[in-house]
1. Test GLY33 against the stated conditions and say whether it is under 29 Å from SER160 (Cβ atoms) and buried (at least 20 other Cβ atoms within 10 Å of the Cβ).
2. Suppose the filter is assigned to a helix (DSSP H, G or I), open to solvent by less than 90 Å² (accessible area, probe 1.4 Å) and in contact with a helix residue (DSSP H, G or I) (Cβ under 8 Å, 6 or more places away or on another chain); does PRO101 pass it?
3. Does ALA140 fit the bill of being outside any loop (DSSP other than H, G, I, E, B), loosely packed, with under 11 Cβ neighbours inside 10 Å and not charged (D, E, K, R)?
4. When the residues of region 48-75 are filtered to those that are touching a residue at least 40 places away in the same chain (Cβ under 8 Å) and polar (S, T, N, Q), which remaining residue is surrounded by the most Cβ atoms within 10 Å (Cβ to Cβ)?
5. When region 76-93 is examined, which residues are found to be open to solvent by 70 Å² or more (accessible area, probe 1.4 Å) and in a helix (DSSP H, G or I)?
6. When only residues in region 15-30 that are part of a helix (DSSP H, G or I) and open to solvent by 70 Å² or more (accessible area, probe 1.4 Å) count, which is farthest from SER160 (Cα to Cα)?
7. Testing THR12 on (1) at pLDDT below 95; (2) among the β-branched types (Val, Ile, Thr); (3) surrounded by 14 or more Cβ atoms within 10 Å (Cβ to Cβ); (4) more than 22 Å from MET167 (Cα to Cα), one condition comes back false. Which one is that?
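The values are calculated or read from the model by the stated rules, or taken from the named source; none is laboratory data. Owing to the predicted nature of the structure, the values given are computational and were not obtained by experimental measurement. Counting neighbours? That spans all protein chains shown, and the Cβs are built from the backbone with ideal geometry, glycine included. What goes into the accessible areas is simple: the full protein's heavy atoms, side chains included, and nothing from ligands, DNA or RNA. Shrake-Rupley method; radii C 1.70, N 1.55, O 1.52, S 1.80 Å.
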Amino acid sequence: MIYGATCLIFNTAFLPQYGFQSYLIVAEKPRLGLIVTVLAGCTNMVLDFLFMAVFEMGILGAALATGLSQTVGAVVPLVWFISKRNTSQLRFTKTRLEITPMLKACVNGASEMMTSVSASITGILYNRQLMHYAGEDGVAAYGVVMYAAFIFIGVYIGYSTGSSPIMGYHYGA
């Protein structure tokens, strides 16, 4: 509960961090996106060590380290997009609220949302059954297999996240 509640507070940083990766690719700065990702990851590792090993903050320290690393991942691109060093055509501008395109985007993303929701429910039910039939060892074995599968999923998501903004940008142009 402590970890989840703390991470929930930092969702305001996680969401822009995730979104800025696509914007950096479209702005033709994928290297900056990689640097930000590595910087955020290193921040998480260093703060995990400090908060958990040095300051003995336990699970709260782990959650704070995660949240603060996400904040780094959100603030660095934000500063770049706002700065005068941004030579890209992609910039923040004043806009107005457009309901129709937002509704279309929500409808378009509904299938991805349902995929995530159904995968989460399936995972919960699968773990519950594994706990009943195979105990903790069965759940742990399933976790290892799933983490191995995440390697392949990560490659696919990385490719699609990296290429879709470029294709979308050029298609829109």
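1. Answer is yes for this residue.
2. Criteria not met by PRO101.
3. Judged against the criteria, ALA140 is not a match.
4. Taking the candidates together, the pick is GLN70.
5. Answer for region 76-93, where residues must be open to solvent by 70 Å² or more (accessible area, probe 1.4 Å) and in a helix (DSSP H, G or I): VAL79, ILE82.
6. Per the stated criteria, the residue is LEU15.
7. (3)
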